[in-house]
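For reference, the structure discussed in these notes is given below.
The values are calculated or read from the model by the stated rules, or taken from the named source; none is laboratory data. Since the structure is predicted, the reported quantities are computational estimates derived from the model, not experimental observations. Here the Cβ positions follow ideal geometry from the backbone for every residue, glycine too, while neighbour counts run over all protein chains shown.
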Amino acid sequence: MSHAGHELHPTVCAQEVGLAFKVPLSADELHGRIDAFMSALTSSLQGDGCKLIGHIKGLLEVEGNKHLFFSVTAFEEKASYKGELSQEISKAKLTINVIVYGVQQASVERAIREELERHVMREGPG
């Protein structure tokens, strides 16, 4: 049930991003960066007024490697993972699908872009 003026409409955003690292990352380092990205993304969306996460799902595909699927459905939870990565990774494809409520599409797209740059695509260790 909803009352007039209190409806929450879903904002849906799907993106595919090519990732390239000048210095190859270990599987553990990239997994850690994805974890930091997901945490920062949910925090950023909540700060922009997001009221509810339907889901934030991602798939990291590495050529000649395995894949990593990750998802989160609430602000207070850490991302869950399926699959694994192995070896060092210099290139990957990240597909992310977001369904959230109470925040505009432009805010979702900006948060994804900024947090990817800050946590995943940065150069250097740690």
Being of a type in the set (Gly, Ala, Ser) and modelled with pLDDT of 95 or more is the filter; apply it to segment 93-126 and report the residue that is nearest to residue 43 (Cα to Cα). 111
Answer with yes or no whether residue 76 is in contact with a Leu (Cβ under 7 Å, 6 or more places away or on another chain) and acidic (Asp, Glu). no
Going residue by residue through segment 19-28, is there one that turns out to be outside any strand (DSSP E or B) and either among the aliphatic types (A, V, I, L, M) or over 10 Å from the mean Cα position of the chain (by Cα) (or both)? yes
Looking only at segment 37-91, count how many residues are part of a strand (DSSP E or B), touching a residue at least 40 places away in the same chain (Cβ under 8 Å) and charged (D, E, K, R). 3
Would you check if residue 86 is in contact with a helix residue (DSSP H, G or I) (Cβ under 8 Å, 6 or more places away or on another chain) and more than 16 Å from residue 31 (Cβ to Cβ)? no
Residue identified as under 14 Å from residue 13 (Cα atoms), loosely packed, with under 15 Cβ neighbours inside 10 Å and hydrophobic (A, V, I, L, M, F, W, C) among 111, 106: 106
Which ones in segment 29-39 are under 11 Å from the mean Cα position of the chain (by Cα) and either buried (at least 18 other Cβ atoms within 10 Å of the Cβ) or among the β-branched types (Val, Ile, Thr) (or both)? 33, 34, 37, 38
Neighbours by Cβ (under 6 Å, 6+ apart or cross-chain): first from segment 19-32, hydrophobic (A, V, I, L, M, F, W, C); second at pLDDT below 95 and not in a strand (DSSP E or B): 27/85; 27/86
Per the filter on segment 5-16, residues at pLDDT below 95 and touching a Lys or Arg at 6+ places or on another chain (Cβ under 8 Å) are 8
